[in-house]
Amino acid sequence: MITFVDALHVLNDNRLLTEEEATASGIDIKNAKKATLAAQILAAHDAGGNDDTLSIRFDALASHDITYVGIIQTARASGLTKFPIPYVLTNCHNSLCAVGGTINEDDHRFGLSCARKYGGTYVPPNLAVIHQYVREALVKCGGMILGSDSHTRYGAFGVMGFGEGGPELVKQLLKKTYDVARPKVVCVWLDGAPKPGVGPHDVAIALIAHVFQKGLVKNKILEFHGPGVRSLSVEFRSGIDVMTTETTCLSSIWETDEKVEHFYDIHGRKECYRPLTLTEPAAFDGLITIDLSTIDPMIALPFHPSNAYTIAEMQRHGRDILASVDEAAEKQFGEVGKNLSLAKKWHDGGLWVEQGVIAGCAGGSFENLAIAANILEGSSTGQSDFSLSLYPASQAVSLALVRQGYYTKAMEAGAILKNAFCGPCFGAGDTPANGTLSVRHSTRNFPNREGSKPAMGQLSAVALMDARSIAATATNGGKLTPGTDVPEARLILDDPYTPDLMPYTKRIYTGFGHALKDANLVFGPNIKDWPVMPKLPFHLILEVASQILDPVTTTDELIPSGETSSLRSNPEKLSEFALSRKDPSYVSRAKAFRNFEKARENNPKDGEAMAKAKEILAAIGEEGMSLLSSGDLTSIGFGTTIFAIKPGDGSAREQAASCQKVLGGWANVAVDYATKRYRSNLINWGMLPFVADEEVGKDLLVGDWIVLPFVRKAIENGDLEISGWHVRAATKTVTSISLRLNTLTDAERDIILAGCLINHYQGN
């Protein structure tokens, strides 16, 4: 059972008190708010001292090969000379070096040359996925780590991890701060112990299902306490923790104990452990209680981790539940959506799936794979459509699984063993066949994230499950089976995890503190500089280039993952894929309007650009035409915007915003932003993060124009409401419009005025 109470609670001596009970006991609530683990760690890293806004300096940074090229290119353009704190460059996303010709391996060579020149750590391809390497080699109790991946979560190891877009890492590389409103902290109280056969993904999916839809913990910090913590292994805790990203919380932290100390010890880093426990009353802004003993094996159906059911529910009502997913697929993808037909997979007494995958930072732990191997021992995955792939999170995990005999059990059952690789999580590995369903212990199951391409008539899908239930399903040839059906003896590991980090010492380049400033960077032909981006003009004409009315829009829909990964080092080429899964005509519309801006920049009196400006401003009348009082377009800029109900769920990838900017984007209009990190990405690329009421946004039709006079002056003045005109393209009718910015810090205003983060730092 999971409950959420949106009210202050105080944890004192392992007792939870309401605010009234705490006050009656003489507890000072203001001081108690400073006593949470989160508050203590944030205070230790806050360089600002402001009660409302934190200015954080992190202890270390981590990126993978889809993100580090753009980050370093941005930092170089902004004045980077060396890495001021440990920065790990891993290579776990673009590891399939046959994809895109030489592009991926070119990026890897660039990464190694950067580690040498600037003093970083370089982890070669297939050695470890980003988060596992950080767990094994970088975490330190009480620390804070910033990563350019949304699943940057190390709370189970006593470390607060934040996943953000690349520009936030650039700020740290330039010795600036991560500025964020002081977050609320929610206590997650764990009680009881999981049933045999229930794993971390079951707990995580149940938690996500409970809080995501209502945004109960959005941009808050989850802090885990309670007797249930001690019932969990460290890898079990970490498996829950890494999935807290899908709740849209900002970060997480857990109390630590001797089990965490043992983890540090066996990884040769015992000096990095210290106990994190509450030593005085701590006040939390909300309370989630989870009785672990009540959690059953779960399945999160397409197309979100919150679309969750118990496997028992599926076994009782599977055909009806699957029909609802089919309906959602057809609504979203039209005729192509009919390819899925999940309801037809319900036959012979259950749901039959075609693929199982246990992988990545969530699934590829030693414990998950070893227990899966025990379940598989002596069985067969069968000779039908069903296949099972296992991806270890690191070579250290893989080596232990080999030495301790678990891989032998899995291989004998027909499982396919892979290298450490994040591909199955974002569509670059084990893409299922058209019309098939894959069950995965991985992080996400958004539309097409598994690699299918609906625009080409393909559609497959992913359901998230725990490794235990996936292995149980594999023993039944693909028939959905809960882990609780497995004999308990197979769920117990007789051999403890004994990692050997020898593969790291023999292959990883470690250069922090030893920057070789005269070393040359190695560029491949696909690695391009960011294009020049103009500063915010005095007046702005925006064309609505896309309108998205889905309840939530993911970053995968704003810029696809899998097929674009090799192009992340080439801003112009990558931008060609912007919104390609959601609105294939967006790019051509954006480019057409960008041409007016390019013409204006080359010649403020350009005839074509002037004609377009007059067409729009004349519809407004005298006030509109007065913006042309100078006789040219020096003060008037052209750009595009999109409207979406709630954009930005999912990945931290900055390219969801930067691709729009490269195509001439100057703003987003939204009812709300799904995550803090997407809004930050917009700002860091110089885009205005407007919000508006839903009826206002739905009235912004594709091709319409928004004219914002004196917008630069408004931003300079700190105005949070920007007024202008909405011009209907089809009829030239005009209505006034008011767009809100909610909050902007001084630094954020400066970045928007400069046109992007690069311009901001070059000007300072």
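The numbers here are math on the coordinates, done by the rules we state, and not lab data. Fair warning: this is a prediction, and the values are worked out from it, not measured in the lab. Methodologically, a virtual Cβ is constructed for each residue, glycine included, from the backbone with ideal geometry; neighbour enumeration extends over all protein chains shown.
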Cross-link table 598/661; 82/517; 176/535; 176/218; 195/409, entries beyond 18 Å C-alpha to C-alpha: 176/535; 176/218; 195/409
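Which semi-axis lengths, in whole Å and largest first, follow from the square roots of five times the eigenvalues of the Cα gyration tensor of the chain? If you can, show how the numbers build up before the last one.
Working: eigenvalues 354, 174, 146 Å².
In descending order the semi-axes read 42, 29, 27 Å.
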Around residue 73, with a cut-off of 10 angstrom between Cβ atoms, what is the net charge of the other residues, counting Lys and Arg +1 and Asp and Glu -1? +1
Would any residue of the range 110-141 have its amide N under 17 Å from a label point 7 Å out along Cα→Cβ of residue 269? List them or say none. 120-124, 127-141
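Tally Lys/Arg at +1 and Asp/Glu at -1 over every other residue whose Cβ is under 12 Å from the Cβ of residue 553; what's the total? All intermediate terms of the calculation are to be shown ahead of the outcome.
Working: positive: 581, 582, 646; negative: 550, 556, 557, 583, 649, 672.
For residues surrounding residue 553, the net value is -3.
Between residue 728 and residue 632, how high is the FRET efficiency from 1/(1 + (r/R0)^6) when r is the Cβ-Cβ distance and R₀ = 30 Å? Nearest 0.05.
Efficiency, from the Cβ-Cβ distance: 0.65.
Could the peptides 691-697, 308-314, 392-398 be put in order, highest first, of the mean number of other beta-carbon atoms found within 10 Å of their residues? Before the final figure, lay out the partial values.
Details: 691-697: 15.3, 308-314: 19.3, 392-398: 27.6.
The densest-packed peptide leads the list: 392-398, 308-314, 691-697.
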Would you pull out the residues with amide H under 5 Å of residue 274's amide H, same chain only if 5 or more places away, H placed 1.01 Å from N? 141
Radius of gyration, Dmax [the range 545-596; alpha carbons; angstrom]: 11.5, 32
Residue by residue through the range 564-578, what is 3J(HN,Hα) from phi via Karplus (6.51 cos²θ - 1.76 cosθ + 1.60, θ = phi - 60°)? Round to whole Hz and write x for glycine and proline. 9, 4, 6, 9, 5, 8, 10, x, 5, 5, 4, 4, 4, 9, 4
Lys, Arg +1 and Asp, Glu -1 on Cβ, resulting dipole of the range 539-762 about Cα centre, debye, nearest 20: 420 debye
Taking a point 7 angstrom from the Cα of residue 319 along the C-beta vector, which residues in the range 289-310 have backbone N less than 16 Å away? none
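Could you give the length gained on full extension between residue 182 and residue 495, defined as 0.36 nm per residue of separation minus the Cα-Cα distance, in nm? Could you put the intermediate results ahead of the total?
Numbers: separation 313, 0.36 × 313 = 112.68 nm, distance 4.37 nm.
That pair, residue 182 and residue 495, stretches by 108.3 nm at full extension.
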The range 692-743: trypsin sites (Lys or Arg not before Pro) falling in loop per DSSP and having at most 14 other Cβ within 10 Å: 732
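Please compute the length gained on full extension between residue 20 and residue 721, using 0.36 nm multiplied by the number of residues separating them and subtracting their Cα-Cα distance.
Numbers: separation 701, 0.36 × 701 = 252.36 nm, distance 3.88 nm.
Here the answer is 248.5 nm.
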If you stretched the chain out fully between residue 383 and residue 532, how much longer would it get, using 0.36 nm times the residue separation minus the C-alpha to C-alpha distance? 48.1 nm
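Take each complete run of DSSP H in the chain, measure how far its Cα atoms stretch along the helix's own axis, and keep only those covering 18 Å or more with mean Kyte-Doolittle hydropathy at least -0.5; list them.
Details: long enough: 103-118 (22 Å, -1.08); 311-333 (29 Å, -0.56); 586-602 (24 Å, -1.31); 607-620 (20 Å, 0.61).
Counting only whole DSSP H runs, the qualifying helices are 607-620.
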What number does the range 60-178 give for Rg over Rh if you use C-alpha atoms and the Kirkwood radius? 0.95
Can you list the residues, at least 5 places off or on another chain, whose amide H is less than 5 Å from the amide H of residue 387, using H built in the peptide plane? 355, 356
Would you mind checking which residues have amide H under 5 Å from residue 745's amide H? H placed 1.01 Å from N; only 5 or more apart, or other chain. none
